[in-house]
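The values are calculated or read from the model by the stated rules, or taken from the named source; none is laboratory data. These figures come from a predicted structure and were not determined experimentally. Every residue, glycine as well, gets a Cβ built from its backbone with ideal geometry; the counts of neighbours run over all protein chains shown.
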């Protein structure tokens, strides 16, 4: 992703030029193939050196796959890779108040769940700013991952040190029950809508066929109505 474009969106500077750039990316399907070849070559090189490869993805990549679409990859800059382990970055600090429900919904598709943000780490001024997870929120997210039987990646070590989480993790009760998020159904509906939208945008001919059918039906009803009026006049 282009961090300058993310910053522009967050600052409300999405002007006409930005929209034009987005449209050009949307139309460039070859861009996705080029990106996949380049990144996959890097993955293959790392593997050839004897290392395993982890990829970190925004959770929306799973909706893109469900829709068999490349819309987000073209416009946003995601790259769908094959790696040894894929970590979905389900950072609930950015997704309040539905963060726990988003984590619960996307976790089944993850090889590992990225939990955070606890504070510290990468500093990107002008992008998304959110308060770090509190200990209660952090503990909730860890237990939700355990309920999904998923490995956990925590972002970040600096934040855990700063908030004194490491000592608490030494005695953490992983078995303590946690309530399944109340907004899970809302997130599921939103994801279904997004998947439908991505599927449709990937296949714009569906919109054209639907529009043509709608116009055809309207014309047919009009003709039927005119025929009935003519009979009554006779």
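Residues in region 85-99 that are touching a helix residue (DSSP H, G or I) at 6+ places or on another chain (Cβ under 8 Å) and farther than 16 Å from residue 155 by Cα: 98 only.
Residue 156 falls short of the stated requirement of being touching a residue at least 12 places away in the same chain (Cβ under 8 Å), assigned by TED's automatic domain parsing to the domain that holds residue 74 and under 20 Å from the mean Cα position of the chain (by Cα). Would a scan of region 117-130 turn up a residue that is more than 20 Å from the chain's Cα centre (by Cα) and not in a loop (DSSP other than H, G, I, E, B)? Checked region 117-130: no residue is more than 20 Å from the chain's Cα centre (by Cα) and not in a loop (DSSP other than H, G, I, E, B).
Annotation: residue 195 fulfils all but one of (1) within 19 Å of the chain's Cα centre (by Cα); (2) part of a helix (DSSP H, G or I); (3) at pLDDT below 95; the unmet one is (3).
Yes or no, residue by residue, for (1) under 20 Å from residue 99 (Cα atoms); (2) under 24 Å from the mean Cα position of the chain (by Cα); (3) part of a helix (DSSP H, G or I); (4) not assigned by TED's automatic domain parsing to the domain that holds residue 92:
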residue	(1), (2), (3), (4)
141	yes, yes, yes, no
144	yes, yes, yes, no
169	no, no, yes, no
178	yes, no, no, no
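Restricted to region 2-114, the set of helices (runs of 4 or more DSSP H) holding at least 2 residues that are loosely packed, with under 13 Cβ neighbours inside 10 Å comprises 3-10, 16-27, 30-48.
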